[in-house]
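What follows is a set of notes on a single structure, which appears directly below.
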Amino acid sequence: MKRNALSVVFFVLVANTTFAQTKSPVEGVWKVAEWVLPGRNPTEEGATITNPETGIVIFTRGYYRQLVVRGAQPRAAVARAKDPQTLTDAEKLARYEHWRPVTANSGTYEVEGSTLFVRVMVAKNVDVITDAAAIELTFEFDGPDTLWLIPPPESAAREPLTKLTRLE
C-alpha cells in the first residue's frame, strides 16, 4: 500500500514538473514609462518622452496584448458629430487625428535568448496583421522591474525604443 501511494506521489510530481511551463522573463503587466523617438533623418537625434500617455502591455504564457497611446500630451476630446451617419470631412479628420496615435494589438509571442518574436492576431491597424512574419524585438532588463523593447535595426529609423515598468 505504501509503495502504491509513493508511486502515485512520484508520478504526480514528475508530471507537474514535466508539463509545467517555465515562466517567460517578460511575463507580467507593464506600463509604458518612456519613449525614445528616432530622429526624422539619420543625422538628427530624436526626442525622449519621459512622461508619455498611459499605455499597458501584458505578457501572459505565450500571449500578449497592448494598448498604448504614442504621445507626450493627452489627446484632445473630439466634438460630437452633428450626424454620426454622415460625417463631414472636418469630423473625419478630427477622428483620424484622435485615433492615429493609438496602438492596439494582441497575439502570441515567443522568447529566444534576448529576442522577442511577436505574431499579431488582432490589431487596430490591418497592415500589422497582413504581414505574416513575426515582429522581432530585442529586450533588455534594467533591474527586475524595467524592461526595454528595442526595434530591429531596419525599423529603428521609424520605431521608438520603449521603456516599460512592471505593474504586476
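Each reported figure results from applying straightforward, stated rules to the coordinates on display, with no laboratory input. Since the model is a prediction, treat every value here as computed from it, not as a measurement. For neighbour counting, all protein chains shown are included, and Cβ atoms are generated from backbone atoms with ideal geometry for every residue, glycine included.
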Exercise. What is the extension gain from Ala79 to Ile129, computed as 0.36 nm multiplied by their sequence separation minus the C-alpha to C-alpha distance, in nm to one decimal?
Worked result: 14.9 nm
For this session: Within 10 Å, count the other beta carbons around each residue, average over each peptide in 70-76, 23-29, and list them highest first.
Result: 23-29, 70-76
Exercise. How much length is gained if the chain between Lys31 and Glu110 is pulled fully straight, taking 0.36 nm per residue apart and subtracting their Cα-Cα distance, in nm to one decimal?
Worked result: 26.4 nm
Exercise. Which residues' amide hydrogens lie under 5 Å from the amide hydrogen of Ala33, considering only partners 5 or more residues apart or on another chain, with H built in the peptide plane?
Worked result: Lys163, Leu164, Thr165
Problem set entry | Residues in region 114-134 reached by a label modelled at Trp99 [backbone nitrogen below 11 Å; 7 Å Cα→Cβ] | 124-126
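Rounded, prolate or oblate: pick one for region 22-166, where a ≥ b ≥ c are the square roots of the eigenvalues of its C-alpha gyration tensor, a/c under 1.5 means rounded, and failing that, prolate if a/b is larger than b/c, else oblate. Write out the running numbers ahead of the final one.
Working: a/c = 1.85, a/b = 1.55, b/c = 1.20.
Note, shape of region 22-166 comes out prolate.
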Exercise. Karplus couplings for region 117-132 from phi (6.51 cos²θ - 1.76 cosθ + 1.60, θ = phi - 60°), rounded to Hz, Gly and Pro as x?
Worked result: 9, 10, 10, 7, 10, 9, 8, 5, 9, 4, 4, 5, 6, 6, 7, 6
Problem set entry | Environment charge at Ile49 (Cβ cut-off 12 Å; Lys +1, Arg +1, Asp -1, Glu -1) | 0
For this session: Determine the distance separating the Cα centre of region 131-156 from the Cα centre of region 70-124; give it in Å without decimals.
Result: 20 Å
For this session: Subtracting the Cα-Cα distance from 0.36 nm times the residue separation, let me have the gained length for Asn51 to Glu154 in nm, one decimal.
Result: 34.4 nm
